[in-house]
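K.L.:
What follows is a single structure, and I will ask about it in a moment.
The values are calculated or read from the model by the stated rules, or taken from the named source; none is laboratory data. Because the structure is a prediction, the values reported are computed rather than measured. Please note: Cβ atoms are built from the backbone with ideal geometry, for glycine as well, and neighbour counts cover all protein chains shown. Accessible surface areas use protein heavy atoms only, side chains included; no ligands, DNA or RNA. Shrake-Rupley method; radii C 1.70, N 1.55, O 1.52, S 1.80 Å.
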Amino acid sequence: LENKEESAADQFTGLWPRIKEYVEHYMYRDTPSGVHKASVEEILTATGYRLDFTNLIPEMGMVFHNMSRYREGVAFCREALELFRWDGRTADELKAEVGEMLAEMGEVGESDAWFEEWLKSDPGNGSCANAYAFCHQSRGDLERARRIIETAEPARSTDEPAYENYCLRAESVYRECGETELADRYKAELEEIQARRKKEIPWWEEKTKP
């Protein structure tokens, strides 16, 4: 698996300059208010579903992370965030990767600044709180992780994956802090989310699940 990820990272790194050139040359439009950037969804439909960046771009960020190629990964994720117009929360995975890889490189101050700016522009983003708290929890700074969980709690929207990410981290942090009651509260919320999702799965998908 490691060799496959290494090979995928090398191949994609070689293709990335051509991808950027294609997107900027063929998919950008000049408008009175400035350059209109293409979203990954627009590229998917415009290329007859041949270029599916919706999942590929975030997955490549994870590959760089998994291979400990942090500096390359941070540069790639930042370029991807700049290259496309990201709708809604589809960029959350890339933003989380940037913050986590900066922390892995020992750039803790830059990592914290990245997450703080993210929360400033998108308060209550559960995916941000999850990744931000994780960076401090993994270094043993439970007090800081706990403060992040407490100050960045998103709205309780059980139909949103970002809130599920928040609940996962909140349960883990409170459990490690020895605060069982709070940990159990978020565990219950997770179970409610998962039960609701299971009810929404079509029967034909349910039957094909391993």
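K.L.:
Out of the trypsin sites (Lys or Arg not before Pro) in the range 35-110, which ones are loop residues according to DSSP with at most 11 other C-beta atoms within 10 Å?
P.N.:
Values: sites: 37, 50, 69, 71, 78, 85, 89, 95; in loops: 37, 50, 69, 85, 89.
Filter output for the range 35-110: 50.
K.L.:
Here's another thing I want to ask about it. Peptides 128-138, 104-114, 176-186: what's the order by average Cβ count within 10 Å, highest mean first?
P.N.:
Details: 128-138: 23.6, 104-114: 16.1, 176-186: 14.0.
Per-residue mean Cβ counts within 10 Å order the peptides as 128-138, 104-114, 176-186.
K.L.:
Taking the Cα atoms of the chain, what is the range of coordinates along each of the three principal axes, in descending order and whole Å?
P.N.:
That works out to 55, 47, 45 Å along the principal axes.
K.L.:
Residue farthest toward the positive end of the dipole of the range 55-114, with Cβ of Lys/Arg at +1 and Asp/Glu at -1: which of 80, 63, 99?
P.N.:
Towards the positive end, the residue furthest out is 80.
K.L.:
Counting pairs of alpha carbon atoms under 8 Å apart in space and at least six apart in sequence, what relative contact order in percent does the chain give? Walk me through the intermediate numbers first.
P.N.:
On the way: 215 pairs, mean separation 24.1, N = 210.
RCO, the chain: 11 percent.
K.L.:
Taking only Cα atoms, what is the 0 to 90° angle, nearest 10, from helix 161-176's long axis to the longest principal axis of the chain?
P.N.:
Once rounded, the angle reads 40 degrees.
K.L.:
Also: Cross-link list 4/198; 4/95; 95/187: which exceed 30 angstrom alpha carbon to alpha carbon?
P.N.:
On the way: 4/198 32 Å; 4/95 24 Å; 95/187 25 Å.
4/198, as the Cα separations exceed 30 Å there.
K.L.:
Moving on. Residues with amide H under 5 Å of residue 36's amide H, sequence separation 5 or more or different chain, H placed in the peptide plane at 1.01 Å from N; which?
P.N.:
Placed amide hydrogens put 29, 30, 31 under 5 Å from residue 36.
K.L.:
So, with a 1.4 angstrom probe, what is the percent of accessible area on the chain that is carbon and sulfur?
P.N.:
Details: 6050 of 12130 Å².
Heavy-atom surface of the chain belonging to carbon and sulfur, 1.4 Å probe: 50 percent.
K.L.:
Take every Cα-Cα pair in the range 1-68 and report what % of them are more than 16 Å apart. Kindly include the intermediate steps, with their values, before the conclusion.
P.N.:
Details: 1254 of 2278 pairs.
Counting every Cα pair in the range 1-68, those more than 16 Å apart make up 55 percent.
K.L.:
For the range 58-63, take each phi angle, set θ = phi - 60°, evaluate the Karplus expression 6.51 cos²θ - 1.76 cosθ + 1.60, and give the result in whole Hz per residue in order, putting x for glycine and proline.
P.N.:
My calculation for the range 58-63 gives x, 5, 5, x, 5, 4 Hz in order.
K.L.:
Go ahead and estimate [θ] at 222 nm for the chain from helices alone: -39,500 (n - 2.57) per DSSP H run with n ≥ 4, summed, over the residue count, rounded to 500.
P.N.:
Details: 11 runs with 148 residues, N = 210.
Using -39500 (n - 2.57) per qualifying helix, the result is -22500 deg cm²/dmol.
K.L.:
Give the peptides 192-200, 51-59 in descending order of average Cβ contacts within 10 Å, highest first. Let's see the in-between values first.
P.N.:
Numbers: 192-200: 11.1, 51-59: 16.1.
Going by the mean number of other Cβ atoms within 10 Å, highest first, we get 51-59, 192-200.
K.L.:
So, with +1 on the Cβ of K and R and -1 on the Cβ of D and E, and no other charges, what is the size of the charge dipole of the chain about its Cα centre, to the nearest 20 debye? Please report the intermediate quantities before stating the final value.
P.N.:
On the way: 28 positive and 44 negative charges, 78 e Å.
So the dipole magnitude of the chain works out to roughly 380 debye.
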